[in-house]
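Below you'll find the structure, written out as structure tokens, and then a few comments.
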Amino acid sequence: MTHILFQLTHLPPLGVYAFVLLWLAGESVGLPLPDEAILLTLGFLAHRGSVSLLPLILCAVAGSAIGAAISYQIGYALGRPVVIRIAARVRISETRLDDAATWVRRRGAIGVFLTRVIPFARNLASYAAGIAAIPPKVFYPAMLLGALVWCATVTSVGDALGAHYKTILHLGSKSLLPTLGLVVLAVAVWVGWRLWRRRGR
């Protein structure tokens with residue numbers, strides 16, 4: 001992982017944009033690829049001026065959305081038996097998948113949004129939404145909003161803390177990433193609450 005992060009700092013801008021799109025698409029489709037450290041590194045590159053922050057965020061959101069859309073369509077169109085076989089290959093248990101589908105089904109759009117911003121849930125969330133038969137008109141807006149909040153938040157944190165990046169990356173697995181997850185979750189809960197109130201009105 002450290003080697004990948006180091007190589008990122010030597011890619012040209014177009015290579016960085018293509019990398020983040022493909023990496024986040026792979027992560028969202030279920031591959032066990034960590035995206036927090038990648039997005040933080042990319043935020044650091046934006047702080048350094050190697051890439052521009054806005055195109056970086058847009059590529060990250062696009063990759064996340066592409067992977068999520070593929071996962072959702074597999075679950076929605078092909079159903080639970082196919083998804084169970086896919087999940088088994090990436091060591092996701094049948095029970096965990098069913099629990100996620102039940103959770104998303106009960107919460108609808110807010111559930112889809114939250115699963116896009118909660119760390120360690122994104123690689124199965126869209127499969128679960130497809131199995132739960134969440135309608136496309138509900139899934140896609142909530143998924144895109146969640147992807148935007150997550151990618152923009154983590155990348156912007158990397159940009160803002162760029163001057164202290166090496167120290168932060170060293171401590172990341174111990175303290176930063178759990179803290180960052182809590183911050184993003186708090187933002188997600190606030191946005192979800194606002195959406196719920198607006199829907200109620």
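If you check G67, G30, G75 for being in a loop (DSSP other than H, G, I, E, B) and closer than 19 Å to G111 by Cα, only one passes: G30. Need the failing condition index for F6 against (1) closer than 24 Å to Y127 by Cβ; (2) of a type in the set (F, W, Y); (3) at pLDDT below 85, just the number. The single condition F6 does not satisfy is (1). Among the residues of segment 36-69, those that are within 25 Å of P136 (Cα to Cα) and either among the charged types (D, E, K, R) or touching a helix residue (DSSP H, G or I) at 6+ places or on another chain (Cβ under 8 Å) (or both) comprise I57, C59, A60, V61, A62, G63, S64, A65, I66, G67, A68, A69.
Flag: R80 does not match the condition of being basic (K, R) and closer than 18 Å to Q7 by Cβ. Would you confirm whether or not segment 81-95 contains a residue that is among the hydroxyl-bearing types (S, T, Y), in a helix (DSSP H, G or I) and either in contact with a strand residue (DSSP E or B) (Cβ under 6 Å, 6 or more places away or on another chain) or surrounded by fewer than 23 Cβ atoms within 10 Å (Cβ to Cβ) (or both)? Yes, that holds for at least one residue.
Among the residues that make up segment 96-109, is at least one of them closer than 25 Å to L22 by Cα and touching a Pro at 6+ places or on another chain (Cβ under 8 Å)? No, every residue in segment 96-109 fails to be closer than 25 Å to L22 by Cα and touching a Pro at 6+ places or on another chain (Cβ under 8 Å). Number of residues in segment 14-37 that are at pLDDT 85 or above and not small (G, A, S) equals 11.
R107 meets each of the listed conditions (1) within 30 Å of H10 (Cβ to Cβ); (2) surrounded by fewer than 22 Cβ atoms within 10 Å (Cβ to Cβ) apart from (1).
One line per residue, one yes/no per condition, for (1) at pLDDT 90 or above; (2) assigned to a helix (DSSP H, G or I); (3) crowded, with 17+ Cβ neighbours inside 10 Å; (4) of a type outside the set (A, V, I, L, M, F, W, C):
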position: A125; (1), (2), (3), (4): no, yes, yes, no
position: G130; (1), (2), (3), (4): yes, yes, yes, yes
position: I134; (1), (2), (3), (4): yes, no, yes, no
position: M143; (1), (2), (3), (4): yes, yes, yes, no
position: A152; (1), (2), (3), (4): yes, yes, yes, no
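Residues that are of a type outside the set (S, T, Y), more than 20 Å from V154 (Cβ to Cβ) and under 17 Å from the mean Cα position of the chain (by Cα) are absent from segment 25-38 altogether.
The values are calculated or read from the model by the stated rules, or taken from the named source; none is laboratory data. Remember, it's a predicted structure, so these values are computed and weren't measured experimentally. Please note: Cβ atoms are built from the backbone with ideal geometry, for glycine as well, and neighbour counts cover all protein chains shown.
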